[in-house]
Amino acid sequence: MHLCGIGNTHVSCQTPLIMSQEIEILPDIISETTQEIEKSSVPWTILDVGLFFFLWLAAQIAIGIVIGIVMVFTAGSPARLQTQTAIGGEGYQHPIVQMIQKGKDEPIVLFVAFVSVVVVAPLIEEFLFRLLLQGWLHAKLLLFRVPCAAGIAMTVTSLGFALIHAGDSGNIGVWPLFFLFFVSSMINLMIFIFGIVYLILVRKAKMTQWLFGTVPFFRSGFFTVAGYCLLVVVFCQGLGVILGLMFENMNVSPIPIFFFSLALGALYSKTKNLLYCILLHACLNAVALVLVLFTA
């Protein structure tokens, strides 16, 4: 072994060698991280995120403008109706609740409500928020070796998910609402189909990266996932009912929705299985729809 000197001189001569070894190891660490991301994540880019959220938001805004025009010519200004709803005894109501309550005797209204809430909403929202936004954000945080990357990605995604459910539509007639959900469902379904085709043909993503999963949830099978889903549905619905009773005239739905989104995010982060998330989302929406029907 070559020694440059004694004492501190010896240590200072070894330091460059150690640093050189660390620099040589660094590319291997980066390579392993990149391989981990490529194996378990869809190769989204920031342009992909911007494209699909732009398409989705633009469609919702366009439909909202049309509904606003209808409200102005049929029932007064949206602002006035919003004030009455916020201050009056009716409290805040989700548009789908209004549509079911006002059109519960119309089979076509109930059918559109079911398709919109139980089928289309889980498809488009899980694609946008779990597969696209959370998946892209998680991969970027891993790339920069940010601690708690999965938790940060889930929290940011859940805040956005809760935010889009925080709005209130005011008091709208049943047929404008029917038009709103029918057209919105068709557009969202087309965006979802386009997204899946784009994912397979353009991004060349493998099914194990997003659909069927790479790791069994909690290293177990279907019944563990089913039990987890049942607990999430009961907790979120119970929390929503309790908060609704405590704050009758306030829109408290973003709070349980935030926790529900965290549960969906954890499910996707553990399994990389979008089907699980879609089914859990559909189950919660179905339970909510049944509760609305029974109380309508």
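With a 10 Å Cβ neighbour count serving as the proxy for reagent exposure, in which order, fewest first, do TYR228, TYR276, TYR268 appear?
Details: TYR228 19, TYR276 24, TYR268 28.
Ascending Cβ contact count within 10 Å gives the list TYR228, TYR276, TYR268.
What is the distance, in nm, between label points placed 7 Å from the Cα along the Cα-to-Cβ direction at LEU57 and at LYS204?
In this crude spin-label approximation the distance works out to 3.1 nm.
Compute the distance in nm between two label points, each set 7 Å from the Cα along the Cα-to-Cβ direction, one at PHE212 and one at ILE108.
4.2
Need the full-extension length gain, VAL197 to VAL156, defined as separation in residues times 0.36 nm minus the C-alpha distance. One decimal, nm.
12.1 nm
Among ILE46, ILE152, which comes first, then next, by fewest other beta-carbon atoms within 10 Å?
Going from sparsest to densest Cβ surroundings: ILE46, ILE152.
With label points built 7 Å along Cα→Cβ from the Cα atoms of VAL119 and THR224, find their separation and express it in nm.
Roughly 3.3 nm, to one decimal.
None of the figures in this text is laboratory data; all of them are computed from the coordinates on show. It should be emphasised that the depicted structure is a prediction, and the values quoted were computed from it without experimental measurement. Cβ coordinates were reconstructed from backbone atoms using ideal geometry, including for glycine residues, and neighbour counts include every protein chain displayed.
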